[in-house]
Amino acid sequence: METEVSTIINWFLACATNDVPENGGACVKYRDEQIAIFNFSRRKEWYATQNLCPHKQQMVLSRGMIGSTGDAMEPKVACPFHKKTFSLITGECLNAEECAIKTYPVKVQDGRVYIGVE
């Protein structure tokens with residue numbers, strides 16, 4: 001018999017939607033974590049990841065370039081310094097195997113951006 005594990009998501013108010021530039025990112029701090037928020041307005045989608053680029057341990061992903069890759073047009077962010085690219089959905093590194101980033105669920109309601117944390 002399999003046991004289902006339930007994860008409780010707590011939503012925190014990260015910012016107002018107009019605090020994040022269209023097709024760009026911003027950074028918020030939640031407890032001891034820096035979280036990058038991305039307004040992918042071309043796709044009408046929002047994403048959140050850790051802000052730390054694991055390649056050189058720098059807090060820079062919120063300043064990275066966002067775009068899409070592959071036939072499935074997977075949304076991605078590229079580190080502004082090292083050009084490592086990461087999936088905004090899964091966090092996996094798309095052009096190297098040595099690292100991945102944490103992703104967070106995002107919801108937008110009434111002009112406010114909420115990020116889900118465990």
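Laboratory data are not the source of any read-out in this text; all were calculated from the coordinates shown. From a predicted model like this one, the values you see are computed outputs, not experimental measurements. Note that each Cβ is placed from the backbone with ideal geometry, even for glycine, and that neighbours are counted across all protein chains shown.
This table checks each residue for (1) farther than 16 Å from Gly25 by Cα; (2) touching a Pro at 6+ places or on another chain (Cβ under 9 Å).
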residue: Phe40; (1), (2): no, yes
residue: Gln57; (1), (2): yes, no
residue: Pro80; (1), (2): no, no
residue: Leu88; (1), (2): no, yes
residue: Ala96; (1), (2): yes, no
residue: Val108; (1), (2): no, no
residue: Ile115; (1), (2): no, yes
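Restricting attention to segment 72-94 and to residues that are surrounded by 15 or more Cβ atoms within 10 Å (Cβ to Cβ) and β-branched (Val, Ile, Thr), the residue that is farthest from the chain's Cα centre (by Cα) turns out to be Thr85. Within segment 95-107, the set of residues being surrounded by fewer than 16 Cβ atoms within 10 Å (Cβ to Cβ) and not small (Gly, Ala, Ser) comprises Asn95, Glu97, Glu98, Cys99, Lys102, Pro105, Lys107. Scanning segment 28-60 for residues that are in contact with a Lys or Arg (Cβ under 8 Å, 6 or more places away or on another chain), over 16 Å from Pro105 (Cβ atoms) and either in a strand (DSSP E or B) or hydroxyl-bearing (Ser, Thr, Tyr) (or both) returns a single hit, Cys53.
Restricting to segment 61-93, name every residue that is in a loop (DSSP other than H, G, I, E, B) and either in contact with a helix residue (DSSP H, G or I) (Cβ under 8 Å, 6 or more places away or on another chain) or of a type in the set (Asp, Glu) (or both). Let's see the steps before the verdict.
So in segment 61-93, the residues in a loop (DSSP other than H, G, I, E, B) come out as 64, 70-73, 79-84, 88-91.
Once the filter is applied, which keeps residues that are in a loop (DSSP other than H, G, I, E, B) and either in contact with a helix residue (DSSP H, G or I) (Cβ under 8 Å, 6 or more places away or on another chain) or of a type in the set (Asp, Glu) (or both), segment 61-93 yields Asp71, Cys79, Pro80.
Can you find even one residue in segment 6-13 that is buried (at least 18 other Cβ atoms within 10 Å of the Cβ), in contact with a Phe, Trp or Tyr (Cβ under 8 Å, 6 or more places away or on another chain) and in contact (Cβ under 8 Å) with a residue 12 or more places away in the chain?
In the first step, residues of segment 6-13 are kept if they are buried (at least 18 other Cβ atoms within 10 Å of the Cβ); the result is none.
No: segment 6-13 contains no residue that is buried (at least 18 other Cβ atoms within 10 Å of the Cβ), in contact with a Phe, Trp or Tyr (Cβ under 8 Å, 6 or more places away or on another chain) and in contact (Cβ under 8 Å) with a residue 12 or more places away in the chain.
So which residues in segment 64-118 are without any contact (Cβ under 8 Å) to a residue 24 or more places away in the chain and of a type in the set (S, T, N, Q)? Within segment 64-118, Thr85, Ser87, Thr90, Asn95, Gln109 qualify. Ala96 falls short on exactly one of the conditions (1) among the hydrophobic types (A, V, I, L, M, F, W, C); (2) under 20 Å from Asn23 (Cβ atoms); (3) part of a loop (DSSP other than H, G, I, E, B), and that condition is (2).
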